Amino acid sequence: MRSRNRVITCKRGNMEISFGEKPYSPYFLTNADGLYSTEVDVNVSENAFDDGGIYQSSRIKKRNIVLTIQDRGTDDHIAVRDALLNLFLPKLKGQLTIKENDEDTGSEKVIDYYTEKVVSDGKNSSRTFTISLICPDPYFYDLYDKYVQMANYAAMFTFQHNFISAGEEFGSRSKTKSRNIQNNTGADAVGLTIDFAINGAVTNPSVTRVESGETIRIGTDAMPLSLVYGDVLTVTTGSGNKHIYLLRSGVRSEINQYLSSDSSFFELHQGDNTIGYDAESGVSNIEVSVSYRMRYTHA
């Protein structure tokens, strides 16, 4: 069994310091609280005539991460103190990255923070620092987005290639108009970015989450949306980031006014998420891709 060798890196601008659990780490991580727990406010309404209550909603509270660091491997304790105080400045946003084992790859998660306080015992040659960080957004995130291509062109041969007849096709268009995205490990309600690349005339495109029946319909009978070759339509559905953008001839504009009144900016939920697309006309002229950044309630 491998011993735990977590590495926590805190970064602000071009400054960063890594804290490790190996004995020779100059910034030795002795403890880290607030990484694996989540505090939740659960709202329940009560009726004087009924037992118990009725669940209304839940809200995850802000996260407080507290790092305990021991100054090791150096005799210049003033330089260590100054480095920590310069990194953890008040009022400025930083980013914490956690890697559960220094030998693992692809296991990193990140979270943004603001410094609450940095306290040192200031007594011993091996000094201890306690660093309290407040994370207004309590979720940890993957480092990179995940991408799902729904409708595109598949290559029909690779190079080097011997052309044996005229008119050979370079690729064929996928006819898939829906894909299932499974969310078995991340938090609920992950925002999506949906891109429609337009290769011809298209009217009133839409995208649906089949499981819930929620649809985002752009363009209506009263205000139709006509798209042409080269247009790119982008829909974002995350919390605080619900928008529709049209990129045409290099100019990007927000066009939320085309959204139908029955539309719902759906997100990625736990379990299966079958995402399908359609259009009032020209659906074969659309290439659709979906991207999202998985988030987690713990490191």
Pair list, Cβ < 6 Å and 6+ apart or interchain, from segment 282-299 residues that are within 18 Å of Met150 (Cβ to Cβ) to residues that are of a type in the set (Lys, Arg) and not in a loop (DSSP other than H, G, I, E, B):
Tyr292/Lys146
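Given the options Gly73, Gly53, Gly94, name the one that is at pLDDT below 90, over 30 Å from Ile181 (Cα atoms) and not aromatic (Phe, Trp, Tyr). Before the answer, list the steps.
Numbers: Gly53 fails: at pLDDT below 90; Gly94 fails: at pLDDT below 90.
Going through Gly73, Gly53, Gly94 in turn, just one is at pLDDT below 90, over 30 Å from Ile181 (Cα atoms) and not aromatic (Phe, Trp, Tyr): Gly73.
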Residues (of a type in the set (A, V, I, L, M) and either modelled with pLDDT of 95 or more or under 18 Å from the mean Cα position of the chain (by Cα) (or both)) located in segment 119-146
Ile131, Leu133, Ile134, Leu143
Top-ranked residue in segment 174-227 [being in a loop (DSSP other than H, G, I, E, B) and of a type in the set (A, V, I, L, M, F, W, C); ranked as nearest to Tyr245 (Cα to Cα)]:
Leu225
Among the numbered conditions (1) within 21 Å of the chain's Cα centre (by Cα); (2) surrounded by 15 or more Cβ atoms within 10 Å (Cβ to Cβ); (3) of a type in the set (Val, Ile, Thr), tell me where Val80 comes up short.
(1)
For a quick check of your reading of the model, give me the residue pairs whose first member lies in segment 23-49 and is in the same structural domain as Tyr113 (by the TED database) and farther than 22 Å from Lys62 by Cβ, whose second is assigned to a strand (DSSP E or B) and of a type in the set (Phe, Trp, Tyr), with beta-carbon atoms closer than 9 Å and at least 6 apart or on different chains.
Ser25/Phe19; Tyr27/Phe19; Tyr27/Phe129; Phe28/Phe19; Leu29/Phe19; Ser45/Tyr55
Return the only residue of Leu246, Leu225 being touching a helix residue (DSSP H, G or I) at 6+ places or on another chain (Cβ under 9 Å) and crowded, with 20+ Cβ neighbours inside 10 Å.
Leu225
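Yes or no: segment 100-116 includes at least one residue that is of a type in the set (Phe, Trp, Tyr), modelled with pLDDT of 65 or more and over 30 Å from Arg59 (Cβ atoms).
Taking segment 100-116 and keeping what is of a type in the set (Phe, Trp, Tyr), we get 113-114.
Subsequent filtering for residues that are modelled with pLDDT of 65 or more retains 113-114.
Filter once more, so that each one left must be over 30 Å from Arg59 (Cβ atoms): none.
No, that holds for no residue.
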Selection within segment 262-286 - surrounded by fewer than 20 Cβ atoms within 10 Å (Cβ to Cβ), assigned to a strand (DSSP E or B) and under 23 Å from the mean Cα position of the chain (by Cα):
Gly271, Asp272, Thr274, Gly276
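The values are calculated or read from the model by the stated rules, or taken from the named source; none is laboratory data. Quantities reported herein were computed from a predicted structural model and do not represent experimental measurements. Glycine gets a Cβ as well: all are built from the backbone with ideal geometry, and neighbour counts include every protein chain shown.
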